[in-house]
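Read through the structure below, which is laid out as C-alpha coordinates, and then see the notes.
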Amino acid sequence: AEAANSASSGSAVDERFMRLALSLGRRGLGNTWPNPAVGCVIVKDGVIVGRGWTQPGGRPHAEVEALRRAKRLAKGATAYVTLEPCSHEGKTPPCADAIIKAGVARVVSAIEDPNPEVAGQGHARLRDNGIVVDVGLCADEARRAHAGHIARITTSRPHVTLKLAVSADGKAGLAGRKQAVITGDEARNHVFNIRAQHDAILVGLGTVLADNPQLTARLPGLYERSPVRVVLDAQLRVPLSLSVISTVRDVPTWVFASQKASPVAEEILVSKGARVFRVDDTQGRLDLDEVMKVLGGEGITRLMVEGGPTVAASFVAADLVDEFVLLKGPKAIGEGGIGPLEGMALDRLTGKLELDGTEALGADTLEHYVRC
Ligand code: AOF
Ligand code: ZN
(Lines give C-alpha, C1' and ligand atoms only; values in the text may rest on other atoms or scores of the structure.)
(Ligands and ions follow the chains in the order given, each with its own letter.)
Protein backbone atom coordinates (compact mmCIF):
# COMPACT_ATOMS: atom_id res chain seq x y z
CA ALA A 1 0.00 0.00 0.00
CA GLU A 2 2.95 2.26 0.73
CA ALA A 3 4.79 1.30 -2.45
CA ALA A 4 3.90 4.53 -4.21
CA ASN A 5 5.63 6.44 -1.43
CA SER A 6 8.57 4.14 -1.04
CA ALA A 7 11.42 6.52 -0.35
CA SER A 8 14.21 4.51 -1.90
CA SER A 9 14.58 7.88 -3.62
CA GLY A 10 15.41 9.43 -0.22
CA SER A 11 18.30 11.86 -0.45
CA ALA A 12 21.63 11.46 1.30
CA VAL A 13 20.51 14.12 3.76
CA ASP A 14 17.33 12.21 4.58
CA GLU A 15 19.37 9.06 5.05
CA ARG A 16 21.76 10.77 7.43
CA PHE A 17 18.94 11.95 9.69
CA MET A 18 17.16 8.60 9.52
CA ARG A 19 20.36 6.83 10.59
CA LEU A 20 20.63 9.22 13.51
CA ALA A 21 17.00 8.45 14.45
CA LEU A 22 17.81 4.73 14.26
CA SER A 23 20.81 5.08 16.54
CA LEU A 24 18.79 7.16 19.03
CA GLY A 25 16.06 4.54 18.97
CA ARG A 26 18.52 1.77 19.74
CA ARG A 27 19.29 3.49 23.08
CA GLY A 28 15.95 2.19 24.25
CA LEU A 29 16.49 -1.45 23.27
CA GLY A 30 15.82 -3.69 26.25
CA ASN A 31 14.23 -0.85 28.17
CA THR A 32 10.96 -0.02 26.45
CA TRP A 33 9.08 -3.33 26.44
CA PRO A 34 6.26 -4.04 25.75
CA ASN A 35 6.71 -1.12 23.33
CA PRO A 36 9.23 -0.80 20.50
CA ALA A 37 12.34 1.37 20.91
CA VAL A 38 11.64 4.16 18.43
CA GLY A 39 13.88 7.10 17.52
CA CYS A 40 12.84 10.51 16.18
CA VAL A 41 14.79 13.50 14.83
CA ILE A 42 13.16 16.81 13.91
CA VAL A 43 15.00 18.97 11.39
CA LYS A 44 14.24 22.56 10.44
CA ASP A 45 16.17 24.22 7.60
CA GLY A 46 18.89 21.59 7.86
CA VAL A 47 19.32 22.04 11.62
CA ILE A 48 18.34 19.42 14.23
CA VAL A 49 15.82 21.07 16.54
CA GLY A 50 14.62 18.04 18.45
CA ARG A 51 15.71 14.48 19.18
CA GLY A 52 13.79 11.84 21.07
CA TRP A 53 13.57 8.16 21.80
CA THR A 54 11.01 5.94 23.49
CA GLN A 55 11.37 6.26 27.25
CA PRO A 56 11.81 3.41 29.76
CA GLY A 57 8.66 1.32 30.01
CA GLY A 58 7.57 2.50 26.55
CA ARG A 59 6.16 5.96 27.33
CA PRO A 60 6.42 8.80 26.36
CA HIS A 61 6.85 7.82 22.71
CA ALA A 62 9.84 9.06 20.72
CA GLU A 63 7.94 11.68 18.71
CA VAL A 64 6.51 13.34 21.82
CA GLU A 65 10.01 13.55 23.30
CA ALA A 66 11.44 15.13 20.14
CA LEU A 67 8.51 17.58 19.77
CA ARG A 68 8.87 18.61 23.42
CA ARG A 69 12.43 19.69 22.66
CA ALA A 70 11.71 21.31 19.30
CA LYS A 71 8.85 23.40 20.70
CA ARG A 72 7.73 26.03 18.15
CA LEU A 73 10.62 25.19 15.81
CA ALA A 74 8.72 22.03 14.80
CA LYS A 75 6.47 24.21 12.64
CA GLY A 76 7.32 23.58 8.99
CA ALA A 77 10.00 21.03 9.96
CA THR A 78 10.69 17.48 8.80
CA ALA A 79 10.33 14.65 11.33
CA TYR A 80 12.33 11.44 10.83
CA VAL A 81 10.84 8.45 12.64
CA THR A 82 12.04 4.84 12.71
CA LEU A 83 8.47 3.50 12.98
CA GLU A 84 5.10 4.80 11.83
CA PRO A 85 3.73 7.31 14.35
CA CYS A 86 0.88 5.83 16.35
CA SER A 87 -2.73 6.73 15.63
CA HIS A 88 -4.48 5.02 18.55
CA GLU A 89 -5.62 6.61 21.80
CA GLY A 90 -3.44 5.14 24.53
CA LYS A 91 -2.92 6.71 27.95
CA THR A 92 -1.99 9.82 25.97
CA PRO A 93 -3.16 11.15 22.57
CA PRO A 94 -1.64 9.58 19.44
CA CYS A 95 1.74 10.80 18.16
CA ALA A 96 0.21 11.47 14.73
CA ASP A 97 -2.02 14.11 16.36
CA ALA A 98 0.91 15.66 18.21
CA ILE A 99 2.83 15.91 14.93
CA ILE A 100 -0.15 17.52 13.19
CA LYS A 101 -0.71 19.94 16.05
CA ALA A 102 2.95 21.01 16.03
CA GLY A 103 2.69 21.96 12.36
CA VAL A 104 5.31 19.53 11.04
CA ALA A 105 5.39 19.76 7.23
CA ARG A 106 6.92 16.42 6.28
CA VAL A 107 7.36 13.04 7.95
CA VAL A 108 9.97 10.53 6.80
CA SER A 109 9.07 7.15 8.30
CA ALA A 110 11.16 3.98 7.95
CA ILE A 111 8.41 1.36 8.16
CA GLU A 112 4.72 0.85 8.81
CA ASP A 113 3.82 -0.28 12.34
CA PRO A 114 2.41 -3.85 12.13
CA ASN A 115 0.38 -3.21 15.30
CA PRO A 116 -3.23 -3.61 14.03
CA GLU A 117 -4.18 -0.53 16.06
CA VAL A 118 -1.85 1.49 13.82
CA ALA A 119 -1.11 -0.47 10.58
CA GLY A 120 -1.02 2.43 8.14
CA GLN A 121 -3.55 4.61 9.92
CA GLY A 122 -0.80 6.79 11.42
CA HIS A 123 0.59 7.59 7.97
CA ALA A 124 -2.91 8.06 6.57
CA ARG A 125 -3.89 10.49 9.29
CA LEU A 126 -0.77 12.59 8.67
CA ARG A 127 -1.49 12.69 4.92
CA ASP A 128 -5.13 13.56 5.50
CA ASN A 129 -3.86 16.60 7.36
CA GLY A 130 -1.70 17.81 4.49
CA ILE A 131 1.62 16.45 5.74
CA VAL A 132 4.00 14.99 3.14
CA VAL A 133 4.75 11.40 4.20
CA ASP A 134 7.62 9.33 2.77
CA VAL A 135 7.76 5.73 3.91
CA GLY A 136 10.52 3.15 3.44
CA LEU A 137 13.83 4.91 4.02
CA CYS A 138 16.30 2.51 5.76
CA ALA A 139 13.47 -0.01 6.03
CA ASP A 140 15.77 -3.04 6.45
CA GLU A 141 17.68 -1.44 9.28
CA ALA A 142 14.43 -0.35 10.93
CA ARG A 143 12.95 -3.83 10.61
CA ARG A 144 16.00 -5.15 12.41
CA ALA A 145 15.82 -2.49 15.13
CA HIS A 146 12.14 -3.27 15.65
CA ALA A 147 12.46 -7.05 15.21
CA GLY A 148 11.26 -7.60 18.79
CA HIS A 149 8.11 -5.53 18.35
CA ILE A 150 7.41 -7.03 14.92
CA ALA A 151 7.83 -10.59 16.26
CA ARG A 152 5.60 -9.98 19.26
CA ILE A 153 2.86 -8.28 17.22
CA THR A 154 2.88 -10.70 14.27
CA THR A 155 3.75 -14.02 15.96
CA SER A 156 2.89 -13.36 19.66
CA ARG A 157 6.38 -14.35 20.72
CA PRO A 158 9.63 -12.46 21.30
CA HIS A 159 12.53 -12.13 18.89
CA VAL A 160 15.15 -14.65 20.05
CA THR A 161 18.92 -14.08 20.15
CA LEU A 162 21.01 -17.13 21.02
CA LYS A 163 24.51 -16.61 22.45
CA LEU A 164 27.10 -19.39 22.53
CA ALA A 165 30.79 -19.40 23.37
CA VAL A 166 33.17 -21.99 21.95
CA SER A 167 36.88 -22.74 22.22
CA ALA A 168 39.24 -22.70 19.23
CA ASP A 169 38.34 -26.36 18.65
CA GLY A 170 34.61 -25.67 18.81
CA LYS A 171 33.92 -26.97 22.31
CA ALA A 172 31.71 -25.36 24.95
CA GLY A 173 33.34 -26.99 27.96
CA LEU A 174 34.01 -30.30 29.64
CA ALA A 175 31.08 -32.61 30.28
CA GLY A 176 29.38 -32.09 33.65
CA ARG A 177 31.81 -29.39 34.73
CA LYS A 178 31.44 -25.76 35.61
CA GLN A 179 31.37 -23.62 32.50
CA ALA A 180 34.92 -23.35 31.19
CA VAL A 181 36.48 -19.90 30.84
CA ILE A 182 36.51 -19.58 27.07
CA THR A 183 36.50 -15.85 26.40
CA GLY A 184 38.16 -12.78 27.92
CA ASP A 185 37.07 -9.49 29.53
CA GLU A 186 36.24 -7.63 26.32
CA ALA A 187 33.94 -10.40 25.20
CA ARG A 188 32.38 -10.50 28.66
CA ASN A 189 31.69 -6.75 28.64
CA HIS A 190 30.29 -7.05 25.14
CA VAL A 191 27.92 -9.74 26.40
CA PHE A 192 26.78 -7.38 29.18
CA ASN A 193 25.97 -4.82 26.49
CA ILE A 194 24.02 -7.34 24.45
CA ARG A 195 22.15 -8.43 27.59
CA ALA A 196 21.15 -4.83 28.30
CA GLN A 197 19.59 -4.61 24.82
CA HIS A 198 17.25 -7.50 25.57
CA ASP A 199 14.09 -7.51 27.66
CA ALA A 200 14.73 -10.94 29.14
CA ILE A 201 17.51 -13.50 29.32
CA LEU A 202 16.78 -17.22 29.48
CA VAL A 203 18.78 -20.16 30.85
CA GLY A 204 18.04 -23.71 31.92
CA LEU A 205 18.30 -24.96 35.48
CA GLY A 206 21.48 -26.84 34.49
CA THR A 207 23.31 -23.57 33.90
CA VAL A 208 21.97 -22.08 37.14
CA LEU A 209 23.17 -25.12 39.13
CA ALA A 210 26.56 -25.37 37.41
CA ASP A 211 27.55 -21.70 37.36
CA ASN A 212 25.29 -19.84 39.81
CA PRO A 213 25.22 -16.94 37.31
CA GLN A 214 23.81 -13.50 38.16
CA LEU A 215 22.70 -12.99 34.55
CA THR A 216 22.83 -9.23 34.95
CA ALA A 217 24.51 -6.50 32.89
CA ARG A 218 27.30 -5.68 35.33
CA LEU A 219 28.73 -2.55 33.74
CA PRO A 220 28.39 0.99 35.13
CA GLY A 221 25.02 2.35 34.08
CA LEU A 222 23.82 -0.97 32.74
CA TYR A 223 23.03 -2.93 35.90
CA GLU A 224 19.89 -0.88 36.46
CA ARG A 225 18.61 -2.05 33.13
CA SER A 226 19.36 -5.73 33.57
CA PRO A 227 16.81 -7.84 31.72
CA VAL A 228 14.26 -10.07 33.39
CA ARG A 229 15.88 -13.43 34.19
CA VAL A 230 13.97 -16.42 32.90
CA VAL A 231 14.81 -19.90 34.21
CA LEU A 232 13.46 -23.13 32.73
CA ASP A 233 13.03 -25.35 35.79
CA ALA A 234 10.45 -28.06 35.07
CA GLN A 235 10.46 -29.54 38.60
CA LEU A 236 11.00 -26.26 40.51
CA ARG A 237 14.26 -27.48 41.98
CA VAL A 238 16.16 -24.16 41.90
CA PRO A 239 17.91 -23.67 45.28
CA LEU A 240 16.85 -20.44 47.01
CA SER A 241 20.46 -19.64 47.89
CA LEU A 242 21.52 -19.19 44.26
CA SER A 243 21.89 -15.70 42.75
CA VAL A 244 18.90 -15.77 40.41
CA ILE A 245 16.63 -16.17 43.48
CA SER A 246 18.65 -14.43 46.23
CA THR A 247 18.85 -11.19 44.19
CA VAL A 248 15.28 -11.33 42.87
CA ARG A 249 14.34 -8.09 44.67
CA ASP A 250 16.90 -6.25 42.50
CA VAL A 251 16.33 -7.97 39.16
CA PRO A 252 13.15 -9.96 38.46
CA THR A 253 13.30 -13.72 37.92
CA TRP A 254 10.55 -15.67 36.18
CA VAL A 255 10.61 -19.44 36.58
CA PHE A 256 8.91 -21.75 34.09
CA ALA A 257 7.78 -25.10 35.47
CA SER A 258 5.75 -28.08 34.35
CA GLN A 259 2.09 -28.40 35.37
CA LYS A 260 3.16 -31.25 37.67
CA ALA A 261 5.77 -29.36 39.70
CA SER A 262 5.20 -28.99 43.44
CA PRO A 263 2.72 -26.24 44.46
CA VAL A 264 4.66 -25.85 47.71
CA ALA A 265 7.89 -25.14 45.80
CA GLU A 266 5.98 -22.56 43.78
CA GLU A 267 4.63 -20.92 46.92
CA ILE A 268 8.13 -20.61 48.40
CA LEU A 269 9.58 -19.12 45.19
CA VAL A 270 6.72 -16.64 44.97
CA SER A 271 7.22 -15.67 48.62
CA LYS A 272 10.85 -14.84 47.74
CA GLY A 273 9.64 -12.55 44.97
CA ALA A 274 9.98 -14.74 41.87
CA ARG A 275 7.14 -15.32 39.42
CA VAL A 276 6.25 -18.88 38.44
CA PHE A 277 4.57 -19.84 35.16
CA ARG A 278 3.24 -23.32 34.37
CA VAL A 279 3.46 -24.83 30.90
CA ASP A 280 3.05 -28.32 29.44
CA ASP A 281 6.02 -30.62 29.13
CA THR A 282 7.06 -33.78 27.35
CA GLN A 283 9.08 -35.96 29.69
CA GLY A 284 10.33 -33.00 31.66
CA ARG A 285 11.09 -30.89 28.57
CA LEU A 286 8.99 -27.74 28.75
CA ASP A 287 7.01 -26.81 25.66
CA LEU A 288 9.08 -23.91 24.29
CA ASP A 289 6.33 -22.63 22.02
CA GLU A 290 4.19 -22.22 25.12
CA VAL A 291 7.03 -20.53 26.99
CA MET A 292 7.42 -18.10 24.07
CA LYS A 293 3.69 -17.33 24.01
CA VAL A 294 3.70 -16.59 27.74
CA LEU A 295 6.73 -14.31 27.40
CA GLY A 296 5.13 -12.50 24.46
CA GLY A 297 1.92 -12.17 26.44
CA GLU A 298 3.87 -10.63 29.33
CA GLY A 299 5.26 -8.03 26.92
CA ILE A 300 8.74 -9.44 26.27
CA THR A 301 9.84 -8.41 22.76
CA ARG A 302 13.54 -9.38 22.79
CA LEU A 303 14.72 -12.58 24.45
CA MET A 304 18.36 -13.60 24.79
CA VAL A 305 19.06 -17.30 25.30
CA GLU A 306 22.33 -17.98 27.11
CA GLY A 307 21.78 -21.30 28.32
CA GLY A 308 23.76 -24.50 28.20
CA PRO A 309 23.91 -27.09 25.39
CA THR A 310 20.53 -28.67 26.23
CA VAL A 311 18.51 -25.48 26.23
CA ALA A 312 20.40 -24.10 23.22
CA ALA A 313 19.76 -27.28 21.22
CA SER A 314 16.07 -27.26 22.09
CA PHE A 315 15.72 -23.70 20.78
CA VAL A 316 17.49 -24.71 17.56
CA ALA A 317 15.33 -27.85 17.21
CA ALA A 318 12.17 -25.75 17.66
CA ASP A 319 13.48 -23.31 15.01
CA LEU A 320 13.12 -20.40 17.43
CA VAL A 321 16.51 -18.75 16.87
CA ASP A 322 16.24 -15.47 14.94
CA GLU A 323 19.69 -14.09 15.69
CA PHE A 324 22.87 -15.83 16.81
CA VAL A 325 25.97 -14.45 18.54
CA LEU A 326 28.94 -16.82 18.51
CA LEU A 327 31.99 -16.00 20.61
CA LYS A 328 35.14 -17.90 19.73
CA GLY A 329 38.02 -18.07 22.20
CA PRO A 330 41.68 -18.53 21.22
CA LYS A 331 42.41 -21.70 23.23
CA ALA A 332 41.51 -25.31 22.53
CA ILE A 333 39.74 -27.49 25.10
CA GLY A 334 40.77 -30.76 23.50
CA GLU A 335 39.94 -34.30 24.64
CA GLY A 336 36.65 -34.65 26.53
CA GLY A 337 35.24 -31.34 25.33
CA ILE A 338 31.51 -31.17 24.61
CA GLY A 339 29.84 -29.27 21.78
CA PRO A 340 27.72 -26.13 22.33
CA LEU A 341 24.52 -27.82 21.06
CA GLU A 342 23.60 -31.11 22.67
CA GLY A 343 23.20 -33.86 20.10
CA MET A 344 23.65 -31.66 17.06
CA ALA A 345 26.41 -30.02 15.06
CA LEU A 346 26.73 -26.24 15.08
CA ASP A 347 26.04 -26.01 11.36
CA ARG A 348 22.52 -27.26 12.02
CA LEU A 349 22.08 -23.71 13.30
CA THR A 350 24.47 -21.67 11.16
CA GLY A 351 23.16 -23.38 8.03
CA LYS A 352 19.80 -21.70 8.54
CA LEU A 353 21.31 -18.28 9.20
CA GLU A 354 23.36 -15.72 7.37
CA LEU A 355 26.69 -14.36 8.67
CA ASP A 356 26.13 -10.64 9.15
CA GLY A 357 29.48 -9.55 10.57
CA THR A 358 32.63 -10.49 12.45
CA GLU A 359 34.31 -8.49 15.18
CA ALA A 360 37.53 -8.92 17.17
CA LEU A 361 37.10 -8.62 20.95
CA GLY A 362 40.55 -8.84 22.50
CA ALA A 363 41.85 -12.32 21.70
CA ASP A 364 38.31 -13.50 20.92
CA THR A 365 36.19 -13.28 17.80
CA LEU A 366 32.48 -12.53 17.64
CA GLU A 367 30.39 -13.77 14.74
CA HIS A 368 26.91 -12.33 14.32
CA TYR A 369 24.28 -14.28 12.37
CA VAL A 370 20.75 -13.32 11.39
CA ARG A 371 17.89 -15.16 9.72
CA CYS A 372 18.20 -15.20 5.94
C1 AOF B 1 5.13 5.54 18.37
N2 AOF B 1 6.26 5.99 18.99
O3 AOF B 1 7.93 5.75 20.45
C4 AOF B 1 6.43 3.97 20.19
C5 AOF B 1 5.27 3.50 19.50
O6 AOF B 1 0.49 1.48 24.85
P7 AOF B 1 0.84 2.70 24.08
O8 AOF B 1 -0.29 3.67 23.95
O9 AOF B 1 2.12 3.33 24.56
O10 AOF B 1 1.12 2.26 22.56
C11 AOF B 1 2.00 1.22 22.30
C12 AOF B 1 2.05 0.99 20.82
O13 AOF B 1 2.50 2.17 20.17
C14 AOF B 1 3.07 -0.08 20.46
O15 AOF B 1 2.52 -1.37 20.43
C16 AOF B 1 3.51 0.36 19.07
O17 AOF B 1 2.58 -0.04 18.11
C18 AOF B 1 3.48 1.85 19.22
N19 AOF B 1 4.79 2.28 19.73
N20 AOF B 1 4.70 4.30 18.60
O21 AOF B 1 4.52 6.27 17.58
C22 AOF B 1 6.93 5.26 19.90
N23 AOF B 1 7.06 3.22 21.14
ZN1 ZN C 1 3.15 7.21 19.51
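The values are calculated or read from the model by the stated rules, or taken from the named source; none is laboratory data. Note that this is a predicted model, so its numbers are computed, not measured. Reconstructed Cβ throughout: ideal geometry from the backbone, glycine too, with neighbour counts over all protein chains shown.
Any chance you could count how many residues in the range 37-52 are in a strand (DSSP E or B) and in contact (Cβ under 8 Å) with a residue 12 or more places away in the chain?
Total meeting the criteria: 11.
Answer yes if at least one residue in the range 292-304 is within 23 Å of D169 (Cα to Cα) and not hydroxyl-bearing (S, T, Y), and no otherwise.
No; the residues of the range 292-304 include none that is within 23 Å of D169 (Cα to Cα) and not hydroxyl-bearing (S, T, Y).
Within the range 59-83, work out how many residues are of a type outside the set (A, V, I, L, M, F, W, C), more than 9 Å from ligand 2 (Cβ to nearest atom) and crowded, with 24+ Cβ neighbours inside 10 Å.
2
Would you check which residues across the range 12-31 are free of Cβ contacts under 8 Å to residues at least 60 places away in the same chain and either within 21 Å of the chain's Cα centre (by Cα) or within 15 Å of ligand 1 (Cβ to nearest atom) (or both) and list them?
S23, L24, R27, G28
Only one of G221, G273 is of a type outside the set (F, W, Y), without any contact (Cβ under 8 Å) to a residue 12 or more places away in the chain and at positive phi. Can you tell me which?
G221
Given the residues P85, P34, which is the only one that is in a loop (DSSP other than H, G, I, E, B), in contact with a Cys (Cβ under 6 Å, 6 or more places away or on another chain) and at pLDDT 95 or above?
The unique qualifying residue is P85.
For the range 88-111: of the residues being in a strand (DSSP E or B) and crowded, with 24+ Cβ neighbours inside 10 Å, which is farthest from ligand 2 (Cβ to nearest atom)?
Among those that are in a strand (DSSP E or B) and crowded, with 24+ Cβ neighbours inside 10 Å, it is V108.
Count, please, the residues in the range 88-117 that happen to be within 10 Å of ligand 1 (Cβ to nearest atom) and farther than 11 Å from I42 by Cβ.
Residues meeting the conditions: 16.
Residues being more than 17 Å from V311 (Cβ to Cβ) and either crowded, with 23+ Cβ neighbours inside 10 Å or modelled with pLDDT of 95 or more (or both): count how many of those fall in the range 197-225.
3
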